[in-house]
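A.B. asks: To start, I am sharing the structure in question, which I have written as structure tokens.
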Amino acid sequence: MALRLVDRAGLDALGDLGGRQTAVTCQHGCRHDDSLCDARCSVSPPKDRNRGFSLLLPAEATGLAPRRIRLRPGRVRPVESLIMANVLTPQGEDFPRWYQDVVAKAQLAENGPARGSQVIRPTGFALWERMTAEMDARIKDTGTENASFPLLIPESYFRREADHVEGFAPEVWMVTQGGGKDLEEKLAIRPTSETIIGEYMAKWVNSYRDLPLLLNQWCNVMRYEMRTRLFLRSSEFLWQEGHTVHESYEDAHAFTLRILHDVYADFMENVLALPVLRGIKTEAERFAGALNTFACDALMRDGKALQMGTSHELGQKFAKAFDIQFQGKDGKQAHGWTTSWGTSTRMIGGLIMGHGDDAGLRVPPNLAPVQVSVMIVKDSDEVRAAARKLYDELKADGLRVKLDDRGDIAFGRRAVDAELKGYPVRIELGPRDLKNGEATVVSRVEGSKQSVPLGMIAEAVAAALAGAQQQLWDEALGFREAHTVDVASVDEAVEAARTGYARMPWDACGVEGEARAGQSAVTVRLLQREDGSVPDSLDESGLIAYLARQY
RNA sequence: CGGGACGUGGCGCAGCUUGGUAGCGCACCCCGUUUGGGACGGGGGGGGCGCAGGUUCAAAUCCUGUCGUCCCGACCA
């Protein structure tokens, strides 16, 4: 009796799997260099119900994860079907490919039919909904109110602020027809809404008593893009844009920084568990039409930086362009001081690349749409009922829980799916657990499994969630620290930017150094004071520059 | 927009050199056995090869154009 592994052409193929020389090791440790595995290797056949032989396909045979395969005497199977492919391309092998794999396999989003457009699937949108909920609460805490402004902006509005038009011209989509006729005035599809909101601010602000005027809108915007990537850069994306008018420079400036710290950084660090650098943008990176741009920047696991949010102080430039004036206490007319600030669905990309690993997404519990997945291991009425009970209890505790009681899908497949989607904690419940009055609590981040008495699940879950949040933060912070290098020259900065941030005195870099680094696709992400705090303006001396490659 | 690669069932690919009416793995559907980490056996369904022209008796296969995707660069949340 012999076992044969054959390819679909009917030839023995294990000797040439994927072009590699292959040796197969059977369960008894015997090594086989050809396609034959004789019966002696099955002296003690596995308890396998199919009475087959179990062989270990070593990693070097396939270039993929080692896999145990079962063969039955005389059975012929295509070699392809014996190889268990990785679920995702490993990060270390090809990071961009890994990113695409995660987005696709975790069912987050896919491309729309028009270039650069994207469809956000329910799993991805749930992440966004959680982001909007957390962000919206923080935005409202600053006294800002939500409103909604038109998608279409008359071209003339757009032209009123010179720097703004010039900066956005290459990115604007313009509507030229309506009702089958050419429009008298073209309409820009908003790439951002300073202009149209400015127009209304001018109407609504008359007195210093109307100030500050604090507005925000959650909407979509469109920007023409050459190269697009799901979540990171798409022609259309979802975001939040805040627009405010203040009485003085000081008020506007303070508010710009308040948003940066209390809304953006607070959300990113405490909810997303992503440590962010906060600082001021150089002139080259500044928002078109702004006096100063402040930003939060995070390091992804491939060593590239991602701008996660920006807050601009616009001075009086837009106020003058749109005639936003008010009468002060002194009875005199004065122009207001405006700000604008935004964060987008790009943060989803940051979440994926900031925390994800080779098994998929890792979502911090504070954000996670699904914090706990209660899954049955084996299908039975008792297990099902116990799982339902557990689900109800956890839900009553205020946790975001999902019940996975699909009995028709193998456990392993469901476990892989839970890992792909990054559920922080899952509770496995099977007959064995039930017999012991326990459930198995598994942490996605810590990689731990522990049996917990059914009465103590809530505590165990709470601890696991807190631990996961903390560990994600610690890992991300540790990664950033390990990938930040102090350098003295632009050349060194370019070299260091291969793996992360390069930090150097801004005086030693300067505008020329910035341009030179740009030749190597390295940019100055932002500038900080020596103590890490955010400068009030670019005029301050002794600033520190962070350089990196960027998304 | 410049350089490179590529578009074949949901996903990953083979077939194009030497044109003859499409195939494999996974996924999917049904039945049965299963279910503690990606099940097994048997039986099925689905594409006309990105799109548009052209050459030909005949085009995934050859020619032209176009759209889209990925990587690098320029630009950006």
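A.B. asks: Kindly indicate whether any position in the stretch A:378-397 is in contact with a Pro (Cβ under 9 Å, 6 or more places away or on another chain), open to solvent by 50 Å² or more (accessible area, probe 1.4 Å), without any contact (Cβ under 8 Å) to a residue 60 or more places away in the chain and within 12 Å of RNA strand B (Cβ to nearest atom).
C.D. replies: Checked the stretch A:378-397: at least one residue is in contact with a Pro (Cβ under 9 Å, 6 or more places away or on another chain), open to solvent by 50 Å² or more (accessible area, probe 1.4 Å), without any contact (Cβ under 8 Å) to a residue 60 or more places away in the chain and within 12 Å of RNA strand B (Cβ to nearest atom).
A.B. asks: Another question, then. Give the stretch A:398-430 a look and list any residue that's among the β-branched types (Val, Ile, Thr) and more than 11 Å from RNA strand B (Cβ to nearest atom), or say none.
C.D. replies: Selection gives A:Val401, A:Val425.
A.B. asks: Okay, next question. Of all residues being closer than 26 Å to A:Asp136 by Cα, at pLDDT below 95 and open to solvent by 20 Å² or more (accessible area, probe 1.4 Å) in the stretch A:200-228, which is farthest from RNA strand B (Cβ to nearest atom)? Just the residue, please.
C.D. replies: A:Asn220
A.B. asks: Could you please let me know if A:Ala265 is under 30 Å from A:Asp474 (Cβ atoms), surrounded by fewer than 24 Cβ atoms within 10 Å (Cβ to Cβ) and without any contact (Cβ under 8 Å) to a residue 40 or more places away in the chain?
C.D. replies: yes
A.B. asks: Kindly indicate the residue of the stretch A:138-160 that is part of a strand (DSSP E or B) and not charged (D, E, K, R) and also nearest to the chain's Cα centre (by Cα) among those meeting that condition.
C.D. replies: My answer is A:Asn146.
A.B. asks: Looking only at the stretch A:303-317, filter to residues that are open to solvent by 40 Å² or more (accessible area, probe 1.4 Å) and farther than 16 Å from A:Ala548 by Cβ; which one of those is farthest from RNA strand B (Cβ to nearest atom)?
C.D. replies: In this case the residue turns out to be A:Gln316.
A.B. asks: In the stretch A:93-126, what residues are assigned to a loop (DSSP other than H, G, I, E, B), near RNA strand B (Cβ under 10 Å from one of its atoms), open to solvent by 20 Å² or more (accessible area, probe 1.4 Å) and under 24 Å from A:Asp302 (Cα atoms)?
C.D. replies: A:Asp94
A.B. asks: Same structure again: Consider A:Pro364 against the criteria (1) within 14 Å of RNA strand B (Cβ to nearest atom); (2) open to solvent by less than 10 Å² (accessible area, probe 1.4 Å): it satisfies all of them except one. Which criterion is unmet?
C.D. replies: (1)
A.B. asks: Does A:Gln371 meet the test of being open to solvent by 10 Å² or more (accessible area, probe 1.4 Å) and closer than 30 Å to A:Ser207 by Cα?
C.D. replies: The answer is no for A:Gln371.
A.B. asks: Restricting to the stretch A:161-184, name every residue that is open to solvent by 80 Å² or more (accessible area, probe 1.4 Å) and not in a strand (DSSP E or B).
C.D. replies: A:Glu166, A:Pro170, A:Gly179
A.B. asks: Could you list all residues from the stretch A:277-302 that are open to solvent by 10 Å² or more (accessible area, probe 1.4 Å), within 12 Å of RNA strand B (Cβ to nearest atom) and not aromatic (Phe, Trp, Tyr)?
C.D. replies: Once the filter is applied, which keeps residues that are open to solvent by 10 Å² or more (accessible area, probe 1.4 Å), within 12 Å of RNA strand B (Cβ to nearest atom) and not aromatic (Phe, Trp, Tyr), the stretch A:277-302 yields A:Glu283, A:Ala284, A:Glu285, A:Arg286, A:Ala288, A:Asp302.
A.B. asks: What are the pairs, 6+ residues apart or on separate chains, where a residue within the stretch A:456-471 that is among the polar types (S, T, N, Q) has its Cβ under 6 Å from a residue that is open to solvent by 20 Å² or more (accessible area, probe 1.4 Å) and at pLDDT 95 or above?
C.D. replies: What qualifies is A:Gln469/A:Asn366.
The values are calculated or read from the model by the stated rules, or taken from the named source; none is laboratory data. Just so it is clear, the model here is predicted, and its values are computed rather than measured. Cβ sites come from the backbone with ideal geometry, for glycine too, and all protein chains shown count toward neighbours. Note: accessible area is taken over every heavy atom of the protein model, side chains too, but ligands, DNA and RNA are not part of it. Shrake-Rupley method; radii C 1.70, N 1.55, O 1.52, S 1.80 Å.
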